[in-house]
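The values are calculated or read from the model by the stated rules, or taken from the named source; none is laboratory data. Note that the structure is predicted; figures quoted are calculated from it, not measured. Using ideal geometry, Cβ is built from the backbone for each residue, glycine included, and neighbour counts are taken over all protein chains shown.
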C-alpha cells in the first residue's frame, strides 16, 4: 500500500526547472532509495516531501504530493505538524549544543510535553529504537558533541523518532561516516523499516542495493526509472539506468 503519491510534480528555483514531471508512489513501511549523479534532483525531491524547500526564496512547485491521501501543499496544511510526521536526518550529524537527553527531548518539549516521567520514557524508547541506549544511558547529561560521528548520527535519528513520525527522510546519512558506523546505521535502517516508511538519498550503489526495497533513478531533474531495487540493479528497462549503475557516468 502506498503512503506517498507524486502526481506530475514540477519544481522551479526561480527560472531553473529542478524537478520535471515527477510521478510515482512510495510504499508504506518500505525503504526507497533515490540514486543518480550529483545535481540530478534527488535531495530537492527529498526536501519537497516535508516542504523543506519552502525555506528557499524563489521556489515554486506545481502538481501534487499526497501523504496519506492529503495534498501536503494545500493551503490548509500545518507545516509544523507535517514536519513532525515526516522527520529528516541530514548528511552531516547535526546535534544541538545540548546534552544527549535534551537533544532527544527537544521536539517533544516544543510540542508541549512537560511531564518528566513521560519525557524519560520517550527518550529511552527513542534511543533504544536508534540502537544507542546501551552506549549512552549512563552519560545522558553529557554534551552530545562528545559522541563519535556515528553515535551523533544515531542520536539525530533518535531525535527524529521521538516525535513519532510516520515517515523518515534521510539525505546521505552515512556519507560522513566510517565503514563501521555506516554498517551500524544500515542495520538500524533495516530495523526501522518495520515501523516507518524510509526514503533515503545515497550515492553509494552498494548501499542502495543492500538496504532498499525500491529504487528511483534520477537524471537531470527527471525520474528515469522507478521500480523494485532488484529490477533496477539486475534488469533495468532504460539504458541510462544500466550505464549509471555500471559506473559509466556520474
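Against the condition in a helix (DSSP H, G or I), in contact (Cβ under 8 Å) with a residue 24 or more places away in the chain, in contact with a helix residue (DSSP H, G or I) (Cβ under 9 Å, 6 or more places away or on another chain) and within 23 Å of residue 187 (Cα to Cα), how does residue 87 come out, does it pass?
no
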Top-ranked residue of region 10-39 - restricted to ones that are touching a helix residue (DSSP H, G or I) at 6+ places or on another chain (Cβ under 8 Å) and in a strand (DSSP E or B), ranked as surrounded by the most Cβ atoms within 10 Å (Cβ to Cβ) | 35
Residues (part of a helix (DSSP H, G or I) and either under 13 Å from the mean Cα position of the chain (by Cα) or within 19 Å of residue 9 (Cα to Cα) (or both)) located in region 73-83 | 79, 82, 83
Check region 17-33 and report whether any residue there is over 27 Å from residue 213 (Cα atoms) and free of Cβ contacts under 8 Å to residues at least 60 places away in the same chain.
-> no
Number of the exception - residue 216 against (1) touching a residue at least 60 places away in the same chain (Cβ under 8 Å); (2) more than 19 Å from residue 7 (Cα to Cα); (3) in contact with a strand residue (DSSP E or B) (Cβ under 6 Å, 6 or more places away or on another chain) | (2)
How many of the residues making up region 156-172 are under 20 Å from residue 100 (Cα atoms) and out of contact with any helix residue (DSSP H, G or I) (no Cβ under 6 Å at 6 or more places or on another chain)?
-> 4
Applying the selection to region 92-104, what residues are in contact with a strand residue (DSSP E or B) (Cβ under 9 Å, 6 or more places away or on another chain) and crowded, with 16+ Cβ neighbours inside 10 Å?
-> 95, 99, 100
Consider residue 118 carefully, then state whether it is surrounded by fewer than 13 Cβ atoms within 10 Å (Cβ to Cβ), assigned to a helix (DSSP H, G or I) and out of contact with any strand residue (DSSP E or B) (no Cβ under 8 Å at 6 or more places or on another chain).
-> yes
Is there a residue being surrounded by fewer than 20 Cβ atoms within 10 Å (Cβ to Cβ), closer than 26 Å to residue 233 by Cβ and more than 17 Å from the chain's Cα centre (by Cα) anywhere in region 43-61?
-> no
For region 121-143, name all the residues that are part of a loop (DSSP other than H, G, I, E, B) and either in contact (Cβ under 8 Å) with a residue 40 or more places away in the chain or touching a strand residue (DSSP E or B) at 6+ places or on another chain (Cβ under 7 Å) (or both).
-> 130, 131, 140, 141, 142
Residue under evaluation residue 108, criteria (1) surrounded by 14 or more Cβ atoms within 10 Å (Cβ to Cβ); (2) modelled with pLDDT of 95 or more, criterion not met = (2)
When restricted to 162, 216, 208, the only residue crowded, with 19+ Cβ neighbours inside 10 Å, modelled with pLDDT of 95 or more and farther than 25 Å from residue 38 by Cβ is 162
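Could you identify the single residue in 165, 179 that is touching a residue at least 40 places away in the same chain (Cβ under 8 Å) and either farther than 25 Å from residue 17 by Cβ or in contact with a strand residue (DSSP E or B) (Cβ under 6 Å, 6 or more places away or on another chain) (or both)?
None of the others qualify; the one that does is 165.
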